[in-house]
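Notes follow once the structure below has been shown.
The values are calculated or read from the model by the stated rules, or taken from the named source; none is laboratory data. Here the structure is a predicted model, which means the values were calculated and not measured. Methodologically, a virtual Cβ is constructed for each residue, glycine included, from the backbone with ideal geometry; neighbour enumeration extends over all protein chains shown. Surface areas here come from the heavy atoms of the whole protein model, side chains and all, with no ligands, DNA or RNA. Shrake-Rupley method; radii C 1.70, N 1.55, O 1.52, S 1.80 Å.
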Amino acid sequence: MEIVKNPLVSIIIPVYNTKPYLERCIQSIVHQTYKNLEILLIDDGSTDGSSGLCDRFEEQYANIHVVHLKNSGVSAARNRGLDIAQGEFILFIDSDDSVSLNYVESFVRLIYDADLIIGVIEDIYIDENSFVYKQKIRNYFSKQSGFLQQEYYNLLELLRGPVIKLYKKKIIDKYHLRFDENLSVAEDQVFNFSYYCCIKSYVIEPKCIYRYYHRKNSNSLTLSVNKKTLEDEIFKLNMEYKFLKTYNINNYNAIYIYQLIGILNKYIKLQDASTIKSSYELVKKLANLNPLVVDKRLSFKRKIILYLLQYKMYWLIMIYYRFKSICEDIW
């Protein structure tokens with residue numbers, strides 16, 4: 001295989017109404033220690049002035065290219081970026097986040113050692129007054145390098161979204177991989193499952209720090225819950241289960257149960273699911289998606305919920321969540 005010493009890296013940044021944070025994001029990228037970059041700002045019909053800011057950056061920096069779209073969602077924006085990207089490798093960065101100055105250089109150093117290079121996330125929590133009240137590096141428990149199928153369970157905290165990953169463009173193009181524009185949530189995870197099916201090896205580079213900002217009172221789609229997002233998450237859950245089982249991922253049952261109970265925790269509180277009947281149907285639907293297997297790695301609470309699901313004691317699960325909700329309101 002011919003190794004390019006200074007390969008072009010395409011950075012795809014979907015932009016939608018993030019004007020207060022966009023400057024910091026772009027500055028962290030244009031001042032990278034690695035210089036052979038193509039920076040694609042895909043403006044998804046912003047209405048807060050982000051569009052004009054993107055144009056200003058394009059005028060200021062020769063390697064920044066802007067595309068303005070009619071608002072169609074983050075998946076359409078990322079897909080547009082993939083359509084026009086010229087780089088041998090692809091990075092995704094969200095426009096309200098930032099990266100360390102050696103972010104790309106550290107990736108490139110390992111670029112031919114594996115099919116997927118993974119960085120590390122620093123979670124930064126910000127309150128309503130823009131005050132940072134907590135920062136932490138996200139943990140992972142895997143080996144520094146190895147086969148994805150063997151270490152998938154230990155890499156979960158780093159594998160979900162499209163950020164902190166260096167993708168090979170030739171794999172994306174060969175298998176015609178794109179983000180599903182019909183999904184309102186979890187579309188990035190579904191894209192990753194498709195990519196993971198095509199690769200074997202990974203390497204983690206802890207020097208690649210991605211700063212992920214959690215802001216209170218955010219209007220982010222990821223904070224919205226409704227019937228559409230529920231159906232999308234169930235679609236993702238089923239796809240993940242098939243992926244995990246097909247590729248013999250270690251501990252696939254534990255991963256599946258963890259995700260299933262996560263959906264139950266999130267959506268049983270839906271306003272539309274507040275009636276007894278609809279809550280019951282939600283629990284029943286989740287219980288019958290795929291086989292339920294108790295895994296020793298599950299916590300005691302998750303095991304109890306799983307046993308109740310296995311024995312179709314849906315009413316007891318509803319009573320548990322109702323009691324849990326009352327306690328949370330009291331405290």
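A few remarks follow.
- Selected residue (only one of 181, 187 is touching a Phe, Trp or Tyr at 6+ places or on another chain (Cβ under 6 Å), open to solvent by 10 Å² or more (accessible area, probe 1.4 Å) and closer than 16 Å to residue 74 by Cα): 187
- When every residue of segment 101-114 is checked against the conditions, none turns out to be closer than 30 Å to residue 263 by Cβ, aliphatic (A, V, I, L, M) and in contact (Cβ under 8 Å) with a residue 40 or more places away in the chain.
- The number of residues in segment 146-164 that are modelled with pLDDT of 90 or more, more than 18 Å from residue 11 (Cα to Cα) and within 11 Å of the chain's Cα centre (by Cα) comes to 2.
- For residue 186: the one exception among (1) out of contact with any Ser or Thr (no Cβ under 9 Å at 6 or more places or on another chain); (2) at positive phi: (1)
- Residue 242 falls short on exactly one of the conditions (1) closer than 24 Å to residue 73 by Cβ; (2) modelled with pLDDT of 90 or more, and that condition is (1).
- Set 199, 171, 249: member being assigned to a loop (DSSP other than H, G, I, E, B) and surrounded by fewer than 19 Cβ atoms within 10 Å (Cβ to Cβ): 199
- Of all residues assigned to segment 225-239, at least one qualifies as being farther than 29 Å from residue 21 by Cβ, out of contact with any helix residue (DSSP H, G or I) (no Cβ under 9 Å at 6 or more places or on another chain) and either outside any strand (DSSP E or B) or of a type outside the set (Val, Ile, Thr) (or both).
- Test: residue in segment 149-162 that is open to solvent by less than 10 Å² (accessible area, probe 1.4 Å), of a type in the set (A, V, I, L, M) and within 22 Å of residue 266 (Cβ to Cβ): yes
- Elements of type strands (runs of 3 or more DSSP E) in segment 106-157, at least 2 residues being under 25 Å from residue 6 (Cβ atoms): 116-126
- For segment 38-77, the candidate set comprises residues that are of a type outside the set (D, E, K, R), in a helix (DSSP H, G or I) and surrounded by fewer than 16 Cβ atoms within 10 Å (Cβ to Cβ); within that set, the residue that is farthest from the chain's Cα centre (by Cα) is 60.
- Count of residues meeting criterion [open to solvent by 10 Å² or more (accessible area, probe 1.4 Å), outside any loop (DSSP other than H, G, I, E, B) and over 23 Å from residue 56 (Cα atoms)] in segment 84-105: 1
- In segment 252-276, the residues that are modelled with pLDDT of 85 or more and either touching a Ser or Thr at 6+ places or on another chain (Cβ under 8 Å) or open to solvent by less than 10 Å² (accessible area, probe 1.4 Å) (or both): 254, 255, 256, 257, 260, 261, 263, 264, 267
- Matching entry among 24, 80 (being under 22 Å from the mean Cα position of the chain (by Cα), open to solvent by 20 Å² or more (accessible area, probe 1.4 Å), under 19 Å from residue 99 (Cβ atoms) and of a type in the set (D, E, K, R)): 24
- All positions within segment 1-48 that are of a type in the set (Val, Ile, Thr) and either within 17 Å of residue 213 (Cβ to Cβ) or out of contact with any Asp or Glu (no Cβ under 8 Å at 6 or more places or on another chain) (or both): 3, 12, 13, 15, 18, 26, 29, 30, 39, 42, 47
- When the residues of segment 107-134 are filtered to those that are within 20 Å of residue 146 (Cα to Cα), open to solvent by less than 10 Å² (accessible area, probe 1.4 Å) and not aliphatic (A, V, I, L, M), the one that is nearest to the chain's Cα centre (by Cα) is 119.
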